[in-house]
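Take a look at the structure set out below.
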Amino acid sequence: MFPFMSGGTQTQKTNQLKAPPAPAAPSSLLEEYPKLSGLTPAQYTKLQTLCGPRWIDLLFHLPTRILDRSATPTIANAPLAEIVTIIATVQRRAPLPPRHIKRPMTIEVGDASGTLRVLYFNPGHWLERAYPLNETVILSGKIETDNKGRKMIHPDVWSMPKSEDNATNKISHVARIWPLYPLTAGLGQGWLSRALITALQVAESVPLPEWLPAAFREKHTLPTFTDALKTAHNPQTEADLQPNSPARTRLALDELYATQLALQHARATNRAQGGIAHGHSKILTQKLLAAMPFPLTACQQNAITEIGEDLAAPRPMLRLLQGDVGAGKTLVALLSLLRVIENGHQGVLMAPTEILAQQLFANAQKYLQPLGITIGLLTGSMSAAAKKRIKQHVKEGFVQLLVGTHALTEDSVVFHKLGLAVIDEQHRFGVKQRVALSTNQNLPPDMLIMTATPIPRTLALTAFGDMDVSILATKPPGRTPITTLVMADDKLAQIARRLEGVIAKGEQAYWVCPLVEESEDSDLADATSRHAWLSKVYKDKVALLHGKMKPAEKEAVMAAFKNGDYSILVSTTVIEVGVDVPNATVMVIEHAERFGLSQLHQLRGRVGRGALASHCILIYTSPLTPFAQERLTALRDSEDGFYLAEKDLELRGPGEILGARQSGEMKTRLADLHHHKHLMPFAHELAAGALTRPLNAAQRNALALLLTAFNKQTAAEWLRGG
């Protein structure tokens, strides 16, 4: 077995559930299922929305709980307050109460051991059909007792067939362990269970071929794909529902394998293209390094070496440069751009917002202009004439480095000879959004993606598996450690008063709130009220920034704060990642217990940008949950973004690290990226083997079906194409 994989049920016979009449025999699990008998059109639409349109999508909708109805005691011997299944005869049925009378309908059933009152509140005429007098029924629920004897409230009920064989099958159908599935409004467990049983019948009649090598399955004690599906939908214990059960481990590995196969194929396709091979001229880079006040860190040197090897190769680079807050990514980018410019090509440096673009432009001017490099800036707010002029200079090759925002991707921006595109804060654009940059040459430019969000290896392989990765884990010298404090919200007034000393020293502070304005639905602090509260003391020294403001307004406020026009910036979490305000030394975060570790770490990174001593104050509201306490303690005790990202993945999941948009694009159905991270090396290795060893037709077909099952159509078409 894999490490961390428990025992549990590996394979078992599918329970004899009553499925709806089978539709016309499908030829593959990858086909769309028709409207199943008994489902209304609205329910059919809900089923497709909840699970997906194909048979395989139904089977990927796994149960999350079980309901044990297997106990079948007599009425007298049944334990109280536990789920039991009772077989009894209907002895008496009270008339259905009028609607205006609020009393339950009572039905009396009995077996050889005694009688049981069955009560239904808000009853309907269906009960008269469900409980025919003198007929045997099957009940499932919890037995209670009162001064009138034993009773069962709102049990599930089934009729008993007349023939002995059918009755035995019916009892076996009810008195078993039932899987319970995630639902949506208007679609109950009964219909979803019936749909799943039909899908399992299809899986048995037209099974998908096995794509894992037999030796690999035997070595790691894994069930076949079909057996894993059957077991996952027929859990017998709570252990069978856990991520480390054999069936769920197998299915998670399949999903990770498909993901890795698609990403590695995309990577191989990119590397197979012709690219620009840049020479090794280092005159300008050596001049820049000589002018720096401090040497490169070992991580920076290693990243520059890795990027340099990519730039020298005759294939397009696609590399992710990820570093902790303040780790010196911009300098690595500028040195890489210099190498390209020295070899007669242009470079482009792209940021998600205008203020960040202007900051990058200022840094580029500071470091590169003295070396004779011509730098241009292109943003959306520039006048049409200014845009036209800079675009013409870019097209003619006069501008060697162009800095800007998404305006750089407009069709009217054509480069003379583009060699390298550096994209800062890629997660703001979306993981898979590759920038389309127009150029006159045939060969594509190299591409370097930079992110200040440390990403655990598991997520990096999943979200960025089509890229090579360089990591900056250490910070350059001169950065003063940030002191992090955790305080209760009864210290708010005290903290606000302490800002007076910060302002007196000529320093600045951020104050972050989770909401924009007061809400009746939430007791969280809002930025608008907090701005008004602080303004009573600090007057016009307090600025307000939030997501409902127009982009131009946000840019203006952030620029004014950076220029020192304000001493305190009250904001929601829209504070720009990467904005450099060296004079900001205090970060106050209200309701810090509501944020994820990665987001808190990013917010904390807005201070400590210079040599001044800085503080981050995490304000919480009692009582703290154990998880929240663990998050705040981890942040207080560590400034290591990679450690905190791993901790965040453990506590909150991938969405907290990558952001909703990114994690949505890499969302997994069967794999839990925390619990199944030990499977990632196996998936990576399997995919690498499939891409490098010769495959026969059957193996290619099996892998193409694996990719199609997990909606990796492009890679599947490549495999089918031979």
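If the cut-off is a Cα-Cα distance under 16 Å, which lysines reach Lys475, setting aside same-chain residues fewer than 8 apart in sequence?
Those lysines meeting the cut-off are Lys329.
Sticking with the crude label model, points 7 Å out along Cα→Cβ, report the distance from Trp126 to Thr64 in nm, one decimal please.
Distance between label points: 2.4 nm.
Grab the other residues whose beta carbon is less than 13 angstrom from that of Thr249, score K and R as +1, D and E as -1, and report the net. Let's see the in-between values first.
Numbers: positive: Arg217, Arg248, Arg250, Lys677; negative: Asp227, Asp240, Asp254, Glu255, Asp672.
Around Thr249, the surrounding residues sum to -1.
Evaluate the charge dipole of the range 53-182 about its Cα centre and quote only its size in Debye, nearest 20, assuming +1 on the Cβ of each Lys and Arg and -1 on the Cβ of each Asp and Glu.
460
Tell me, what is a quarter of the convex hull surface for the C-alpha atoms of the range 299-432, in nm² with one decimal?
8.3
Using the Cα gyration tensor of the range 70-175, with a ≥ b ≥ c the square roots of its eigenvalues, what is the shape: rounded (a/c below 1.5), prolate (a/b larger than b/c) or oblate (neither)?
Values: a/c = 1.90, a/b = 1.29, b/c = 1.47.
Cα axes put the range 70-175 in the oblate bin.
Which trypsin sites (Lys or Arg not before Pro) in the range 266-349 sit in a loop by DSSP (not H, G, I, E or B) and have at most 15 other Cβ atoms within 10 Å of their own Cβ?
Within the range 266-349, the qualifying trypsin sites (Lys or Arg not before Pro) (loop, at most 15 other Cβ atoms within 10 Å) are Lys282.
So what are the range 179-237's ellipsoid semi-axes, whole angstrom, largest first, if each one is the square root of 5 times an eigenvalue of the alpha-carbon gyration tensor?
Square roots of five times the eigenvalues give 28, 14, 8 Å.
Rounding to the nearest 20 debye, state how big the charge dipole of the chain is about its Cα centre with +1 on each Lys and Arg Cβ and -1 on each Asp and Glu Cβ.
About 640 debye.
As I understand it, the dipole of the chain uses +1 on the Cβ of Lys and Arg and -1 on the Cβ of Asp and Glu, about the Cα centre. Which of Thr405, Val202, Gly380 lies farthest toward its positive end?
Checked the options; the winner is Gly380.
For the chain, give the share of DSSP beta bridges that are antiparallel, in percent and rounded to the nearest 5; count only bridges with both residues there.
Of the beta bridges lying entirely in the chain, close to 35 percent run antiparallel.
Non-local amide H neighbours of Arg69 (under 5 Å, H modeled in plane, Pro and chain starts lacking H): which ones?
The answer is Arg176, Ile177, Trp178.
Please find the FRET efficiency linking Thr74 to Tyr538, where r is the Cβ-Cβ separation and R0 is fixed at 60 Å, and quote it to the nearest 0.05.
0.20
Using amide H atoms built 1.01 Å from N in the peptide plane, name the residues 5+ places from Leu472, or on other chains, whose amide H lies under 5 Å from its own.
Gln322, Gly323, Asp324
Where both residues lie in the range 482-638, what percent of DSSP beta bridges are antiparallel, nearest 5?
Values: 0 of 25 bridges.
Counting only bridges with both partners in the range 482-638, antiparallel ones make up about 0 percent.
Rg and Dmax of the range 482-638, Cα atoms, in Å?
14.5, 42
Would you mind checking which residues have amide H under 5 Å from Leu318's amide H? H placed 1.01 Å from N; only 5 or more apart, or other chain.
HN-HN under 5 Å from Leu318: Met447, Asp468.
Can you give the three extents of the C-alpha atoms in the range 200-293 along their principal axes, from longest to shortest, in whole Å?
69, 35, 24
Work out which GluC sites (Glu not before Pro) in the chain are exposed loop sites (DSSP not H, G, I, E or B, at most 16 other Cβ within 10 Å) and give the longest gap free of them.
The longest uninterrupted stretch comes out as 521-722.
Subtracting the Cα-Cα distance from 0.36 nm times the residue separation, let me have the gained length for Asn563 to Lys388 in nm, one decimal.
60.1 nm
Leu338: net charge of surrounding residues, Cβ under 10 Å, Lys/Arg +1, Asp/Glu -1, itself excluded?
Local charge sum for Leu338: +2.
In whole Å, how far is the Cα centre of the range 40-105 from that of the range 269-328?
62
Excluding the sites themselves, what is the longest stretch of the chain that contains no chymotrypsin sites (Phe, Trp or Tyr not before Pro) in a DSSP loop with at most 16 other C-beta atoms within 10 Å?
Result, exposed sites excluded: 399-722.
If all Cα-Cα distances of the range 270-330 are sorted into 5 Å bins from 0 onward, what percent lands in each bin, rounded to whole numbers?
4, 15, 21, 23, 19, 11, 5, 1, 0
Given 10 °C and 1.306 mPa s, how large is the Stokes-Einstein diffusion coefficient of the chain in µm²/s, with Rh as the Kirkwood radius over Cα pairs?
Working: Rh = 30.1 Å.
Using the Kirkwood radius from Cα pairs, D works out to 53 µm²/s.
Since every read-out is calculated from the coordinates, none of them should be taken as a lab result. For clarity, every value in this text was computed on a predicted model and none was experimentally measured. A quick note on method: Cβ atoms are made from the backbone with ideal geometry, for glycine too, and the neighbour counts reach across all protein chains shown.
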